[in-house]
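Take a look at the structure below.
All of the numbers you see were taken from the coordinates with simple rules; none came from a lab. Note that the structure is a prediction, hence the values are computed from the model and not measured. No Cβ is skipped: glycine too gets one built from the backbone with ideal geometry, and neighbour counts run over all protein chains shown.
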């Protein structure tokens with residue numbers, strides 16, 4: 001496992017930290033943007049407290065349906081500005097299961113919310129690159145959700 005290095009992914013969204021927090025901490029929010037492209041995500045359990053867990057099932061899109069179950073345990077929660085969790089990495093053949101840390105900070109800005117996602121590297125460079133690419137895709141999905149939300153807000157006004 002690669003150690004001693006945190007990786008940072010940054011995004012800015014024209015939405016409040018409270019709204020972005022809800023997208024990260026509710027079943028409907030998580031289900032709206034964490035799924036792989038063309039796939040689905042179902043939250044099976046969400047216990048939002050330090051020591052609590054998030055369990056969910058994703059189904060990939062495309063002709064070969066791949067079903068993956070994931071488990072995360074919350075290690076830090078400060079609504080609406082910070083959350084951190086360990087993800088159980090138990091799906092890599094030939095690698096013993098281990099925990100992977102992610103820390104997310106939501107900072108209010110004059111235009112909305114700045115998001116910083118700090119992630120530990122995975123056990124090797126190839127898997128680390130896959131994980132960073134996947135997290136970046138998730139944050140791009142969140143951007144699409146924010147854009148749709150802003151459009152709905154304008155229509156209501």
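See the values below:
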{"read-out": "Cα gyration tensor category, rounded, prolate or oblate, for region 1-53 with a/c compared to 1.5", "value": "rounded"}
{"read-out": "Proxy reagent accessibility, fewest Cβ within 10 Å first, across 82, 154", "value": "154, 82"}
{"read-out": "Percent of Cα pairs exceeding the 16 Å cut-off, where the set is region 18-82", "value": "49 percent"}
{"read-out": "For region 55-105, the Rg and Dmax computed from alpha carbons only, in angstrom", "value": "13.8, 41"}
{"read-out": "Tail weight of P(r) past 22 Å, computed on alpha-carbon pairs of the chain, percent", "value": "43 percent"}
{"read-out": "Euclidean distance of C-alpha centroids, region 121-151 and region 68-84, integer Å", "value": "16 Å"}
{"read-out": "Top of 115, 66, 104 by mean-square fluctuation, Gaussian network on the chain, Cα under 10 Å", "value": "66"}
{"read-out": "Net length gained if the chain between residue 140 and residue 8 were fully extended (0.36 nm per residue, minus Cα distance)", "value": "46.0 nm"}
{"read-out": "Candidates 110, 36, 121, ranked by Gaussian network fluctuation over the chain, Cα under 10 Å, top entry", "value": "110"}
{"read-out": "Additional length obtainable on full extension of the chain from residue 18 to residue 156, 0.36 nm per residue less Cα span", "value": "47.7 nm"}
{"read-out": "Label point 7 Å beyond Cα of residue 99 along Cβ direction - residues of region 53-71 with amide nitrogen under 14 Å", "value": "53-54, 71"}
{"read-out": "GNM result for the chain, Cα springs below 10 Å: residue of 109, 58, 25 fluctuating most strongly", "value": "109"}
{"read-out": "Descending semi-axes in whole angstrom, ellipsoid equivalent of region 87-153, from the Cα gyration tensor", "value": "30, 13, 9"}
{"read-out": "Relative contact order (%) - the chain, alpha-carbon pairs under 8 angstrom, separation at least six", "value": "27 percent"}
{"read-out": "Mean residue ellipticity (222 nm) of the chain, computed from DSSP H runs ≥ 4 via -39,500 (n - 2.57), nearest 500", "value": "-10000 deg cm²/dmol"}
